[in-house]
DNA sequence: CTATGGCACGGATT
DNA sequence: AATCCGTGCCATAG
């Protein structure tokens, strides 16, 4: 049943132009947020495209064109109007079926939804803090800066660009930026994570003791820091690897390279930049609390099922005003193309997730240690698509797990995470420091066949020092 | 002699 | 076709 449906779908999509292929590819790579932007742009510029009037406002139950706000009661209609693509994966077997989420009653409400009336956005929040210290003219400049922040609270455009635009001197802007950086999410507005850290450090210095070398570490060893390369870092700063590790720990515990994100992986914070609800492309949740619960998979696809070619436009194409006939035809063609490609994208994504959720069920429910090593290639084979298709579909997408963590989808294909988890476990419980060779043997006993050399690599990735140095730090 | 890091090769990924 | 990642081999440090 389900099978034949897939066949028909695939068959009907066979006749593809090269343009079609190219566009499908590019769409596949986009995350839901990026896709939404693209479609918005397309909608604005192409009169042949339209949104079907299918949305329901949860409050007044009015039928609306798809939009973010209900114009009548001004309540967000997002999640309901989007016709999320949902399917359920029952406990173990491979017979997951899907249905396109009907927009009836309150079907797909997500747990923990917080559409609290006032979600003040980040720029406003900061502007309010610093406004008293600004002259009137400077407020405009500050606003310009603040609206150029990304979701992480980092400045996306060079200050000089703003200076040019408003014809003001850099020094003036730098002053304003400095004010912003010292406002509440500390370091916000910095052009790079590195600068954000430095600003935070500066702020902390006023109230408490900071390690003397922290600034130097950030300045010189940013890259080493993020790679947990403590030994190299130590060399750079002329301190031991152990001291370097302590320093790094202090930095990661007390500073945050992305000012607007509260904590990595944890639930979203109230002072969030954009009102984009779970900023994931796929949301997986449990139907019930039990471990054997079926999984509900929701693929966020902006305007899925609602975007279509305007039938009126198609109908009146022959009546195009003189000289614009070609343009109209062009618009029509690209609209048709976009809609088709969108369907194709969704279809691919659904099939991908259907497989993935079954294969990685244990990981999704129980955590890192249960991640199975799956290759994109193997999945491509079972889905009968080119491996690069999987690659594109997976890249730059994120998944919200039932436990509330957001992970990049590529983690589902991490070949080493489960081994690394086991390794961490071993080192955490060791009585005295084990050498890489010993660890490799222990891992082998647990069924993880890895080379000694690889243990060394994983150890580094996890930021664990070599046995010799672990011995030293235990003594201390 | 043992424990590790560096470099290079082959398969997987992009 | 370019790049990344797990490994094997070898040099070096203890």
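The values are calculated or read from the model by the stated rules, or taken from the named source; none is laboratory data. Predicted, not measured: the structure shown is a model, and the values here were computed from it. All Cβ positions, glycine included, derive from the backbone under ideal geometry; neighbour counts span all protein chains shown.
The residues of the range A:442-462 that are away from DNA strand C (no atom under 13 Å from the Cβ) and either surrounded by 15 or more Cβ atoms within 10 Å (Cβ to Cβ) or farther than 21 Å from residue A:371 by Cα (or both) amount to a single one, A:442. Check A:424, A:376, A:345, A:392 and return the single one that is touching a residue at least 24 places away in the same chain (Cβ under 8 Å), under 21 Å from residue A:29 (Cα atoms) and either away from DNA strand B (no atom under 16 Å from the Cβ) or not assigned by TED's automatic domain parsing to the domain that holds residue A:31 (or both). Going through A:424, A:376, A:345, A:392 in turn, just one is touching a residue at least 24 places away in the same chain (Cβ under 8 Å), under 21 Å from residue A:29 (Cα atoms) and either away from DNA strand B (no atom under 16 Å from the Cβ) or not assigned by TED's automatic domain parsing to the domain that holds residue A:31 (or both): A:345.
Looking at the range A:409-417, can you tell me whether even one residue there is free of Cβ contacts under 8 Å to residues at least 40 places away in the same chain, closer than 30 Å to residue A:29 by Cα, surrounded by fewer than 16 Cβ atoms within 10 Å (Cβ to Cβ) and within 25 Å of the chain's Cα centre (by Cα)? Yes. Under 20 Å from residue A:371 (Cα atoms), in a helix (DSSP H, G or I) and within 16 Å of DNA strand C (Cβ to nearest atom): is that true of residue A:410 in this structure? Here the answer is yes, as residue A:410 does meet what is asked. With respect to the conditions (1) touching a helix residue (DSSP H, G or I) at 6+ places or on another chain (Cβ under 7 Å); (2) at pLDDT 90 or above; (3) not assigned by TED's automatic domain parsing to the domain that holds residue A:349, residue A:461 lacks only one, and its number is (2). For residue A:400, all conditions in the list (1) under 29 Å from the mean Cα position of the chain (by Cα); (2) more than 16 Å from DNA strand C (Cβ to nearest atom); (3) buried (at least 17 other Cβ atoms within 10 Å of the Cβ); (4) within 27 Å of residue A:243 (Cα to Cα) hold save one; what is the number of the exception? For residue A:400, the failing item is (4).
Quick grid of which residues meet (1) in contact with a helix residue (DSSP H, G or I) (Cβ under 8 Å, 6 or more places away or on another chain); (2) surrounded by 21 or more Cβ atoms within 10 Å (Cβ to Cβ); (3) assigned by TED's automatic domain parsing to the domain that holds residue A:32; (4) farther than 30 Å from residue A:456 by Cβ:
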| residue | (1), (2), (3), (4) |
| --- | --- |
| A:332 | yes, no, yes, yes |
| A:341 | yes, yes, yes, yes |
| A:356 | yes, yes, yes, yes |
| A:384 | no, no, yes, yes |
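Can you confirm whether the range A:212-226 contains a residue that is without any contact (Cβ under 8 Å) to a residue 12 or more places away in the chain, assigned to a loop (DSSP other than H, G, I, E, B) and more than 19 Å from residue A:259 (Cβ to Cβ)? Before you say what the answer is, go through the steps one by one.
First, pick out the residues of the range A:212-226 that are without any contact (Cβ under 8 Å) to a residue 12 or more places away in the chain: A:212, A:223, A:226.
Next cut, assigned to a loop (DSSP other than H, G, I, E, B) only: A:212.
Keeping just the survivors that are more than 19 Å from residue A:259 (Cβ to Cβ) gives A:212.
Looking through the range A:212-226, at least one residue is without any contact (Cβ under 8 Å) to a residue 12 or more places away in the chain, assigned to a loop (DSSP other than H, G, I, E, B) and more than 19 Å from residue A:259 (Cβ to Cβ).
With respect to the conditions (1) in a loop (DSSP other than H, G, I, E, B); (2) without any contact (Cβ under 8 Å) to a residue 12 or more places away in the chain; (3) surrounded by 15 or more Cβ atoms within 10 Å (Cβ to Cβ), residue A:152 lacks only one, and its number is (2).
Restricting attention to the range A:427-467, the residues that are more than 11 Å from DNA strand B (Cβ to nearest atom) and either free of Cβ contacts under 8 Å to residues at least 24 places away in the same chain or not in a helix (DSSP H, G or I) (or both) total 15. Of all the numbered requirements in (1) part of a helix (DSSP H, G or I); (2) crowded, with 19+ Cβ neighbours inside 10 Å, residue A:302 misses one, and that requirement is (1). Check the range A:359-370 and report whether any residue there is without any contact (Cβ under 8 Å) to a residue 24 or more places away in the chain, surrounded by fewer than 16 Cβ atoms within 10 Å (Cβ to Cβ) and within 14 Å of DNA strand C (Cβ to nearest atom). No, that holds for no residue. A count restricted to the range A:423-441 and to residues that are buried (at least 17 other Cβ atoms within 10 Å of the Cβ) and within 13 Å of DNA strand C (Cβ to nearest atom) stands at 4.
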